[in-house]
Amino acid sequence: MVKTFDFKPRLLSCLRNYNRKTFIADIMAGIIVGIVALPLAIAFGIASGVTPEKGIITAIVAGFIISILGGSKVQIGGPTGAFIIIIYGIIQQYGFEGLTIATIMAGIFLILFGFLHLGTIIKYIPYPIVVGFTSGIAVTIFTTQVKDLFGLDIANVPSDFIEKWQCYVANFSSADAWTSLIGILSVAVIVLSPKINKKIPGSLTAIILMTILALMLKQYAGVTTIETIGDRFAISNSLPEAEVPELTWGTIKSLVMPALTIAILGAIESLLSAAVADGVIGDHHNSNTELIAQGVANLASPIFGGIPATGAIARTMTNINNGGRTPIAGIVHAVILLLIFLFLMPLAKYIPMACLAGVLVVVSYGMSGWRSFFALMKNPKSDVTVLLITFFLTIIFDLTIAIEVGLIIACLLFMRRMSETTDVRVISDEINPDEEYSDMKLGNLEHLTIPEGVEVYEINGPYFFGVGNRFEEIMATMGDRPAVRIIRMRKVPFVDSTGIHNLTNLCLMSQKEGIQIILSGVTEKVNSQLTKAGFCELVGNENICSHIDLALERANEIVGNTK
């Protein structure tokens, strides 16, 4: 069956029954989310290694597109903390132009994910992997902010995680007291302000108060050691022109993995955010439409000088909690950010870097999911292993390696789980007919006796490459060599090429030892696969039986002839 094109922006369906009450609620929610998004966009932009305005441009362009084209009613898009490390790494290695190309490629990947209906598949990435690299990102973000939080006098901070902390410890005595005060107070204001007023975002409150405090300290106390955004960046509020970077095959090849990492991370975070939002508002988002919207947003954002974007859980929840119920709220949020960018952006130069570091410290704490992390530590060892490997790869190496290895682990974990669902067992002495005819309710029948010189094995579940070696392991534990081996396959829904190869080798080895193989209860689908592979000719059609009764009769016949 051919899958249909699945692109249905929720904005269109929401506008059909739109009313004044919903419009007012969306306007109010959009204004609040726009204010909340401002400090985060600036902080994420700076932490990613780009200028503050690029973070805001991303929130404007990507946020607008995701709201117009997205598959969720309330999703708010923009730059997020999850991208900080991968963006910083790409810029260090390939420059900002390399990041632009990688983001455009990621946009194309996301659109393909949507067209190929991969929206539901991406959501099945194992939870330990998601928690592992999310917690790893949180730790890495916190690590990158230590210098600005305490005003450490370090010219060049090492990029390596362990070397970075060694550098911090060696230079912690150079911490500036006033900068540290601003940083610590920022964290305290962000954490405590919701207890006083939940309507005004704590990050905005911290930025306003700390900026005023820094200006007063400079004006009246002569404190000049508190670094601000203006000390590090030249602030501009001019709208950028659209510019498409030059694409070469060599650059594209070198950026495939970083682009795929951005795409996968963006897909996971946006769909996770949309799923969380669904649970709150009682809705169901369209995963494939959401991926296409994310892809278009990541195509447009870098063309206007922006960075990668995705659905943001914190801003989406802020939107919901303040009454936003349609994509109009997300559009209003983008418009508010545009107005702030055009008219208030020059004021951003007075914001202390320590305050932005405080914002990101709180963001990293929220991302860490430490409760989920420690809860997973009580799970089976396989899940703990996956969690820790992904976590440590993220913080010690980088997110690209963590996702690559994480996906491989996900595949291996899936294959292991699949193999565990298939059971290979030996049946000795008698077969209970009640199991055979359980669907027919014939009452108690006499047990079927297994003749001397016959071994019966039963496969329960799919017979694929993850199960094949179990026969050899079980047979190695058996004692006397039988004359006949019956393999019951009534509960085998499918067999792959490796399974057929394994059966073929088993048959050939058994024939060399003078042992006859009989298959019992083979389904029509499996029988067709075996016939196409030529297995039926090898074992003989008379030795492929539809039921265990016939298989035992055939075994009796063979055993009788060998005596």
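Observations
- Residue count, the range 104-159 (criterion: under 12 Å from the mean Cα position of the chain (by Cα) and hydroxyl-bearing (Ser, Thr, Tyr)): 4
- Residue within the range 26-37 that is within 21 Å of SER186 (Cα to Cα) and open to solvent by 30 Å² or more (accessible area, probe 1.4 Å) present: yes
- Considering the range 283-328, and only residues there that are polar (S, T, N, Q) and not in a helix (DSSP H, G or I), the residue that is farthest from GLY266 (Cα to Cα) turns out to be ASN322.
- Only residues that are open to solvent by 90 Å² or more (accessible area, probe 1.4 Å) and within 23 Å of VAL363 (Cβ to Cβ) were counted across the range 193-220, and they come to 4.
- Within the range 304-325, being over 13 Å from GLY78 (Cβ atoms) and surrounded by fewer than 22 Cβ atoms within 10 Å (Cβ to Cβ) holds for PHE304, GLY305, MET317, ILE320, ASN321, ASN322, GLY323, ARG325.
- Within the range 295-334, the residues that satisfy the criterion of being over 25 Å from the mean Cα position of the chain (by Cα), closer than 14 Å to ILE35 by Cα and modelled with pLDDT of 95 or more are ALA329, ILE331, VAL332, HIS333, ALA334.
- The range 18-48, residues that are hydroxyl-bearing (Ser, Thr, Tyr) and in a helix (DSSP H, G or I): THR22
- Residues of the range 222-271 that are touching a strand residue (DSSP E or B) at 6+ places or on another chain (Cβ under 8 Å), under 30 Å from ALA175 (Cβ atoms), open to solvent by 20 Å² or more (accessible area, probe 1.4 Å) and not hydroxyl-bearing (Ser, Thr, Tyr): GLU227 alone.
- 2 or more residues open to solvent by less than 20 Å² (accessible area, probe 1.4 Å), under 30 Å from THR228 (Cα atoms) and hydrophobic (A, V, I, L, M, F, W, C): qualifying helices (runs of 4 or more DSSP H) within the range 333-403: 353-368
- Set LEU116, LEU149, LEU110: member being in contact with a helix residue (DSSP H, G or I) (Cβ under 8 Å, 6 or more places away or on another chain) and over 30 Å from ILE184 (Cβ atoms): LEU110
- Taking the criterion of being under 21 Å from ASP160 (Cα atoms), among the small types (Gly, Ala, Ser) and over 19 Å from the mean Cα position of the chain (by Cα), the only residue of the range 345-400 that qualifies is ALA357.
- Restricted to the range 450-563, the set of helices (runs of 4 or more DSSP H) holding at least 1 residues that are touching a helix residue (DSSP H, G or I) at 6+ places or on another chain (Cβ under 6 Å) and either modelled with pLDDT of 85 or more or open to solvent by 10 Å² or more (accessible area, probe 1.4 Å) (or both) comprises 497-512, 524-532, 535-539.
- Of all residues in the range 140-161, those satisfying the criterion of being open to solvent by 40 Å² or more (accessible area, probe 1.4 Å) and not aromatic (Phe, Trp, Tyr) are THR144, LYS147, ASP153, ALA155, ASN156, VAL157, SER159, ASP160.
- Test: residue in the range 85-94 that is among the hydrophobic types (A, V, I, L, M, F, W, C), within 23 Å of ALA41 (Cα to Cα) and modelled with pLDDT under 90: yes
- Apart from one condition, SER186 fits all of (1) open to solvent by 60 Å² or more (accessible area, probe 1.4 Å); (2) among the polar types (S, T, N, Q); (3) modelled with pLDDT of 95 or more; the exception is (1).
The values are calculated or read from the model by the stated rules, or taken from the named source; none is laboratory data. Everything numeric here is computed off the predicted structure, so don't read it as measured data. Ideal geometry is used to build each Cβ from the backbone, glycine not excepted, and the neighbour counts take in all protein chains shown. Ligands, DNA and RNA are excluded from the accessible area calculation, which covers all protein heavy atoms including side chains. Shrake-Rupley method; radii C 1.70, N 1.55, O 1.52, S 1.80 Å.
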